Amino acid sequence: MTYFDSVSTIQYEGPTSKNALAFKFYNPKEKIGDRTMEEWLRFGVAYWHTFTFDGTDPFGQGNMVRQWNHLKGMDLAKARVEAAFEFFEKLNVPFFCFHDVDIAPEGETLKETNENLDIIVTMIEEYMKTSKTKLLWNTANMFSHPRFVHGAATSCNADVFAYSAAKVKKGLEVAKRLGAENYVFWGGREGYESLLNTDMGLEQDNLAKFFHMAVDYAKEIGFNGQFLIEPKPKEPTKHQYDFDVATGLAFLQKYNLEDYFKFNIEANHATLAGHTFEHELRVARINGMLGSVDANQGDPLLGWDTDEFPTDLYSTTLAMYEIIKNGGLGQGGLNFDAKVRRGSFEAEDLFRAHIAGMDSFAVGLVVAHKLIEDKVLDNFIEKRYSSFTNGIGREITEGTTDFHKLEQHALQLTEIKNESGRVEEIRAIINQYLLTAFAK
Ligand code: XUL
Ligand code: CO
């Protein structure tokens, strides 16, 4: 059975193409610097938004027109796998990602749930033998079912902690079986609703113990994928413990976990935390903790996680700037944790949306690479901090001075001269690069 008959394999047609079902900027084999676009960008499709999501929102029922809508239970799960691999092939996308409950329905018991999962994983495994699309990461959904009402690894209920451990244990086994490059932890309900009934210290200690046990189990079964924590400040929980990269990093360092984890940074989570996407990428990068990216964008007029497909070229450019400066994403990728708007209910919209996102990141890659090649920002920054390359500045960076010497230096100063930061000029140059990158 096929599911997307109106769509054939998406081809690169170049910037002037008028074909909605073609790439205008993403040309997988085109070289940008020392790598192809495909190698830099490592795109992934999010199973939940693309195949599981039916359009339901807090005020309305599902409305997505899908060929599998008439099916239920395991039949539905199997049809989605078929559809998924047809979609991956037609989009020519190298990776996908899923939560356990996206691919297989939960049973009456944990045992039954695991059996369902095994059947679908076997089916996925079969498809993966011939497909070019690999598993970027999987994860356990520990936020939808009512048992997770007070959290998973930070629940006040030890039985829930144990149940969560069993789910992650299974998730790691699935990751190993399918050759996942990473395993993600997003703690949607790991946080608190009110401090009045919360033992924050115990909850965080428990979360750390949970992570250590996951690391130990991965070692035990020989799963070598990278562990990733995906920070988010809130939603669904009022305050989530891994609020942003800086908070997550402090947590990892406190509990001696920093050698085992990196971050999966999502654009819309960054903005919910009051940061830009590039801020979160920068904090992770300068600390050697940039692992992977959930590529999407929020709506500045709405205060929640809208998970839109990324189309803001300024943002994709500054994101790719950080990623190139990081030397790429290693075994991470750009997973579209993004869903079509409720009004975009046709199955073809799934392609249109991914094409929009992939083209936007391809533009970001090209422009950011040019900015780096031409040392546009590097030259500004080098000059701006040049006072630290000699004299007293050098002594500061080399750690060879102290407050006595600094006071002596300050006492001799007759005048302190600052220079303009020229941020408007830099922004204008970035605009110029954006507008001319593809000009003939
Ligand atoms: C929720 C979110 C999740 C994670 C995986 O905001 O981003 O889908 O990416 O659990
Ligand atoms: Co995400």
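Considering every residue within region 378-386, establish whether at least one is assigned to a loop (DSSP other than H, G, I, E, B), farther than 28 Å from residue 289 by Cα and free of Cβ contacts under 8 Å to residues at least 12 places away in the same chain. No - not one qualifying residue is present in region 378-386. Filtered by the rule that a residue be acidic (Asp, Glu) and either more than 16 Å from ligand 2 (Cβ to nearest atom) or touching a residue at least 60 places away in the same chain (Cβ under 8 Å) (or both), region 93-130 gives 100, 106, 108, 112, 115, 118, 125, 126. Within the set 207, 228, the sole residue that is within 16 Å of ligand 1 (Cβ to nearest atom), closer than 20 Å to residue 294 by Cβ and either under 20 Å from the mean Cα position of the chain (by Cα) or part of a helix (DSSP H, G or I) (or both) turns out to be 228. Among the residues of region 29-64, those identified as over 19 Å from residue 309 (Cα atoms), surrounded by fewer than 18 Cβ atoms within 10 Å (Cβ to Cβ) and out of contact with any Lys or Arg (no Cβ under 8 Å at 6 or more places or on another chain) are 29, 30, 31, 33, 34, 35, 39, 58, 59, 61, 62. Residue 219 falls short on exactly one of the conditions (1) out of contact with any strand residue (DSSP E or B) (no Cβ under 6 Å at 6 or more places or on another chain); (2) touching a residue at least 24 places away in the same chain (Cβ under 8 Å); (3) among the basic types (Lys, Arg), and that condition is (2).
Between 219, 234, which is within 16 Å of ligand 2 (Cβ to nearest atom) and farther than 14 Å from residue 154 by Cβ? Just a single option satisfies the conditions, and that option is 234. Could you check, for region 68-82, whether at least one of its residues is on the phi > 0 side of the Ramachandran plot and either assigned to a helix (DSSP H, G or I) or touching a Gly at 6+ places or on another chain (Cβ under 8 Å) (or both)? Yes: one or more hits. Do you know which of the residues in region 231-243 that are within 11 Å of ligand 1 (Cβ to nearest atom) and within 16 Å of residue 263 (Cα to Cα) is surrounded by the fewest Cβ atoms within 10 Å (Cβ to Cβ)? So, considering only residues that are within 11 Å of ligand 1 (Cβ to nearest atom) and within 16 Å of residue 263 (Cα to Cα), the one surrounded by the fewest Cβ atoms within 10 Å (Cβ to Cβ) is 233.
A search for C-beta distances below 9 Å between a residue of region 310-325 that is more than 21 Å from residue 35 (Cβ to Cβ) and touching a residue at least 12 places away in the same chain (Cβ under 8 Å) and any residue that is among the β-branched types (Val, Ile, Thr) and surrounded by fewer than 18 Cβ atoms within 10 Å (Cβ to Cβ), counting only pairs 6+ apart in sequence or on different chains, returns 315/276. Does any residue of region 356-368 turn out to be modelled with pLDDT of 95 or more and within 16 Å of ligand 1 (Cβ to nearest atom)? Checked against the condition, which is being modelled with pLDDT of 95 or more and within 16 Å of ligand 1 (Cβ to nearest atom), region 356-368 yields at least one hit. Residues in region 183-205 that are crowded, with 19+ Cβ neighbours inside 10 Å and either of a type in the set (Val, Ile, Thr) or in contact with a Ser or Thr (Cβ under 6 Å, 6 or more places away or on another chain) (or both) were compared, and the one that is nearest to residue 169 (Cα to Cα) is 184. Only helices (runs of 4 or more DSSP H) whose full extent lies in region 246-339 are considered here, and the ones with at least 2 residues that are more than 16 Å from ligand 1 (Cβ to nearest atom) are 277-286, 313-325.
Scoring residue 415 on the criteria (1) among the acidic types (Asp, Glu); (2) within 30 Å of the chain's Cα centre (by Cα); (3) surrounded by fewer than 16 Cβ atoms within 10 Å (Cβ to Cβ) leaves a single failure, condition (2).
The values are calculated or read from the model by the stated rules, or taken from the named source; none is laboratory data. Keep in mind it's a predicted model, so treat the numbers as computed, not measured. Because the Cβ atoms are built from the backbone with ideal geometry, glycine has one as well, and the counts that use them run over all protein chains shown.
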